[in-house]
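Working notes, structure below.
The values are calculated or read from the model by the stated rules, or taken from the named source; none is laboratory data. Everything numeric here is computed off the predicted structure, so don't read it as measured data. Here the Cβ positions follow ideal geometry from the backbone for every residue, glycine too, while neighbour counts run over all protein chains shown. Side chains included, ligands, DNA and RNA excluded: accessible areas come from the protein's heavy atoms. Shrake-Rupley method; radii C 1.70, N 1.55, O 1.52, S 1.80 Å.
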Amino acid sequence: MTTHEQTTHAMRLAPASEQPRDALICVFQRGGADGLNMVVPHGDKDYYAQRSSVAIGQPGTDGGAVDLDGFFGLHPALGALKEIWDAKQLAVVHACGSPDPTHSHFDAMDYMERGTPGQKSTASGWLGRQLAATTAADDSPFRAVGFGALLQASLRGGAATALTSLEAFKLQSRPPELPKVRAAHGQLY
């Protein structure tokens, strides 16, 4: 499975003539992302006691976390998100998971994308069901976009499109943004 297939992005780009709408960008990391080192609980002494060899330093130290609220901080590589946090346009859902007791990494990923813990028979994903429930007659066919060869499980069952490259996703209403989007997309990898 390629990295493109491993990351889910859902977004809606409104034409320039419309009022801006909210956008949800969902990045689903399939392993390799350490949540405690992405959003660092630097205010918890146990974090440093239990993770002495991998902990991100305190805010204000060299390579330390970027403080968010006095208790949590961002990994320094995610520091650019601080501005979005300060504008109250970013939320972090920390220490969440599935109530299903599976010990299978693959089943757990599948359940998270479908939003139905313990039920393998659900054909649609949580984002796909939301898209289907809220589709309007004037919605764009690119209301939701998943990057990768296959549409991600979370987007199945709704108005979503899978794209294999940013070039295939023609940003016709905002062509100057393509280099910025391409650069941001590349930084994910």
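A 1.4 Å probe run over the protein chains yields, for the stretch 35-87, 58 Å² of accessible area per residue, whole-number rounding. Rolling a 1.4 Å probe across all protein chains gives PHE28 an accessible area of roughly 40 Å². Near the amide H of VAL145, within less than 5 Å, lie the amide hydrogens of MET11, THR161, all on another chain or at least 5 residues away, with H placed in the peptide plane. Can you figure out the FRET efficiency of ASP46 with SER165, using R₀ = 45 Å and their beta-carbon distance, to the nearest 0.05? The pair ASP46/SER165 has a calculated efficiency of 0.55. The accessible-area ordering, largest first, of the residues THR164, THR102, THR122, THR61 stands as THR164, THR61, THR102, THR122, per a 1.4 angstrom probe.
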